[in-house]
Amino acid sequence: MKIDLHCHSHYSDGKHSPGFLVQLAIENRVSHLAITDHDCIAALTEAEIEVEKSTAALKLISGVEISCDWEGSEIHVLGLWFDPKDRHMGELLCRQQHKRRRRVLKMHELLQSQGDYDLMAYLNTLPCHALSRSHVADYLVDQGICKNRQKAFKTHLGKGGRLYVEAHWCSLEQAITTINNGGGIAVLAHPGRYPLGKHRLQSLVDEFASYGGEAMEVSYGNIDPKTKRRLADLAVSKSLYASIGSDFHDAAAHWTTIGKAPPLEIGAHKNAIWAHPGWQS
């Protein structure tokens, strides 16, 4: 069994179609795949059609990555195995996408005040449903305003940057409750990437669990061995299921691909997410 429960299509900030992700998963012998676009589930239907056309035994899992606010920090929560037709999930994601579009529109206005630029015209050509700062960064690089994405975030899109606009995401509790009410499993995404110290991370995990969160990612693309062990131990200590995903976005980023993430620690296998009663084999 080879599992990838975290990747992105061009409906959010990935570079490829859902069909491309499915074919790559099949090539890489992935058995279970969740496309977890940011605040968007548009990829699922297209991916299902691609799987039906193939003869591969690939199990598709409904997935999403919801952006949340927690004590002033942006935290991401994955939803897995939820009912994609759940009304409350649909309403939440619609609100999140509206917030995203309103945010980039403000960035567009700021950029227009600095020159003859039309960010929205560029964004409207994309298949994306969940617009992000990454798309704005691509435009800044394309226009020669910034040398690369990293520079774009440092000088324009990060806090204090020329185009910075504060995000107003849903609460951590709201995201978890919506996932659970839709029959899904709430997973804390890539906990080691947040700029949180040891004690704040533990506080986050405690609060996540208190709202009904049941799992956390303990292995993902580009994670270092020390962090992986620390997260596996944390998951066990908090009685959370251990999840795994590549966080794949782009085939040009050779450090990762669909299905590529370090295996779970031996201790984490005992509480692996596929042992969850809601897991469907």
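Write out, first by first residue and then by second, each pair whose Cβ atoms fall under 6 Å of each other, whose residues are 6+ apart or on separate chains, and whose first residue, in the range 200-227, is within 30 Å of Asp250 (Cα to Cα) and without any contact (Cβ under 8 Å) to a residue 60 or more places away in the chain while the second is among the polar types (S, T, N, Q) and assigned to a loop (DSSP other than H, G, I, E, B).
Gly221/Ser246; Gly221/Thr256
Kindly establish whether Ala152 is under 30 Å from Met107 (Cα atoms), touching a helix residue (DSSP H, G or I) at 6+ places or on another chain (Cβ under 6 Å) and among the small types (Gly, Ala, Ser).
yes
Which of the residues belonging to the range 222-237 are surrounded by fewer than 16 Cβ atoms within 10 Å (Cβ to Cβ), charged (D, E, K, R) and either within 14 Å of Leu201 (Cα to Cα) or touching a Ser or Thr at 6+ places or on another chain (Cβ under 9 Å) (or both)?
Result: Asp233, single match.
Quick check, is Glu74 closer than 30 Å to Ala34 by Cα, acidic (Asp, Glu) and within 18 Å of the chain's Cα centre (by Cα)?
So Glu74 fits the description; yes.
Does the range 148-198 hold any residues that are of a type in the set (Asp, Glu) and closer than 24 Å to Pro84 by Cα, and which are they?
Glu173 - this is the single residue of the range 148-198 that is of a type in the set (Asp, Glu) and closer than 24 Å to Pro84 by Cα.
Among the residues of the range 12-35, are any among the acidic types (Asp, Glu), under 21 Å from Ala130 (Cβ atoms) and crowded, with 24+ Cβ neighbours inside 10 Å?
No, every residue in the range 12-35 fails to be among the acidic types (Asp, Glu), under 21 Å from Ala130 (Cβ atoms) and crowded, with 24+ Cβ neighbours inside 10 Å.
Just to be sure before I move on: is Ser132 exposed (fewer than 15 other Cβ atoms within 10 Å of the Cβ) and in contact with a strand residue (DSSP E or B) (Cβ under 7 Å, 6 or more places away or on another chain) in the structure I sent?
no
Condition first: within 13 Å of Leu78 (Cα to Cα) and assigned to a helix (DSSP H, G or I). Now tell me which residues in the range 200-214 satisfy that.
Result: Phe208, single match.
Quick check on the range 254-281: of everything there that is touching a Lys or Arg at 6+ places or on another chain (Cβ under 9 Å) and over 28 Å from Lys198 (Cβ atoms), which residue is surrounded by the fewest Cβ atoms within 10 Å (Cβ to Cβ)?
Applying the filter and picking the extreme gives Ser281.
Could you list, in sequence order, the residues of the range 118-129 that are surrounded by fewer than 17 Cβ atoms within 10 Å (Cβ to Cβ) and either free of Cβ contacts under 8 Å to residues at least 12 places away in the same chain or touching a Phe, Trp or Tyr at 6+ places or on another chain (Cβ under 9 Å) (or both)?
Asp118, Ala121, Tyr122, Asn124, Thr125, Pro127
Only the coordinates and a few stated rules stand behind these numbers; no lab work does. It should be emphasised that the depicted structure is a prediction, and the values quoted were computed from it without experimental measurement. With ideal geometry, Cβ positions are generated from the backbone for all residues, glycine too; neighbour counts draw on all protein chains shown.
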